[in-house]
1. Can you find, within the stretch 14-41, the residue that is surrounded by the fewest Cβ atoms within 10 Å (Cβ to Cβ) among those that are under 14 Å from the mean Cα position of the chain (by Cα) and not in a strand (DSSP E or B)?
2. Collect the residues in the stretch 52-71 that are of a type in the set (Asp, Glu) and surrounded by 14 or more Cβ atoms within 10 Å (Cβ to Cβ), keeping them in residue-number order.
3. Of the numbered conditions (1) in contact with a strand residue (DSSP E or B) (Cβ under 6 Å, 6 or more places away or on another chain); (2) modelled with pLDDT of 90 or more; (3) of a type in the set (Gly, Ala, Ser), Ser188 fails exactly one; give the number of that condition.
4. Across the stretch 3-13, what is the number of residues that are over 12 Å from the mean Cα position of the chain (by Cα) and under 21 Å from Leu61 (Cα atoms)?
5. Within the stretch 26-34, does at least one residue satisfy the condition of being modelled with pLDDT of 95 or more and not β-branched (Val, Ile, Thr)?
Amino acid sequence: MNGGKSGLLLMQAHQFEESGIPFICMKSAIDTRDGEDMIVSRIGIQRECITIGTDDDLYNLMTSLIEDLSLQGLRTPCWVLVDEAQFLSAKQVEQLGLVVDNLNINVMCYGLRTDFLSRLFEGSKRLMELADEIDEIKTTCSCGRKAIANARFHNGEITTEGEQIMIGGNETYVPLCRKCYFDAMVKSTLYDE
């Protein structure tokens, strides 16, 4: 949270656009924070996108898109930029691998590694297993260390309660380093040392 992932995706899209490189942007339909078909960064930039449903076959979606573009006399995308990739299923991540390998279209995914319990999201886990390259966007804890957890707070206390996915809630999540995360867990008696 607040690591600049969507902003970096949107800046990459702008660079492709300025260079005349064909691309498409996608995001998970689970991300309803800014409505459908729109990627919005907290810094105020935004772009239209294709929304991915939880049951969508991304390989078939890309194959259909390429056919539609060809019929319109438009170029095949060289890149697919995916926001909120943590919300993809493992199968969808594998389908993106097929897009790269069989359709020769590069795919760049942006998303969180772990949830508020510091557990891997399904999509993130599969991306870690299959990605050709992983670049970490570093976020800083208030103590100055590298943040590794997106801790969820309720009434000023860290919590381990609730659904894995909670859209929005900027005021609810705090990036913490491992030490501050476990210190907060111990302070709230959610974790035994």
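The values are calculated or read from the model by the stated rules, or taken from the named source; none is laboratory data. Note that the structure is predicted; figures quoted are calculated from it, not measured. Counting neighbours? That spans all protein chains shown, and the Cβs are built from the backbone with ideal geometry, glycine included.
1. The residue in question is Thr32.
2. Within the stretch 52-71, Asp56, Asp57 meet the criteria.
3. Ser188 satisfies all of (1) in contact with a strand residue (DSSP E or B) (Cβ under 6 Å, 6 or more places away or on another chain); (2) modelled with pLDDT of 90 or more; (3) of a type in the set (Gly, Ala, Ser) except (2).
4. 1
5. Applying the first criterion (modelled with pLDDT of 95 or more) to the stretch 26-34 yields 26.
Filter again for not β-branched (Val, Ile, Thr), leaving 26.
So far as the stretch 26-34 goes, yes, one or more of its residues are modelled with pLDDT of 95 or more and not β-branched (Val, Ile, Thr).
Condition check ((1) closer than 19 Å to His14 by Cβ; (2) acidic (Asp, Glu); (3) without any contact (Cβ under 8 Å) to a residue 40 or more places away in the chain) across all residues:
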site	(1), (2), (3)
Asp57	no, yes, yes
Leu65	no, no, no
Val93	no, no, yes
Val100	no, no, yes
Asn104	no, no, yes
Phe116	no, no, no
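Per-residue answers, yes or no, for (1) surrounded by fewer than 12 Cβ atoms within 10 Å (Cβ to Cβ); (2) assigned to a loop (DSSP other than H, G, I, E, B); (3) among the charged types (D, E, K, R):
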position: Gly73; (1), (2), (3): yes, yes, no
position: Leu81; (1), (2), (3): no, no, no
position: Gln92; (1), (2), (3): no, no, no
position: Gly97; (1), (2), (3): no, no, no
position: Asn102; (1), (2), (3): yes, no, no
position: Leu112; (1), (2), (3): no, yes, no
position: Phe116; (1), (2), (3): no, yes, no
position: Glu133; (1), (2), (3): yes, yes, yes
position: Ser142; (1), (2), (3): yes, yes, no
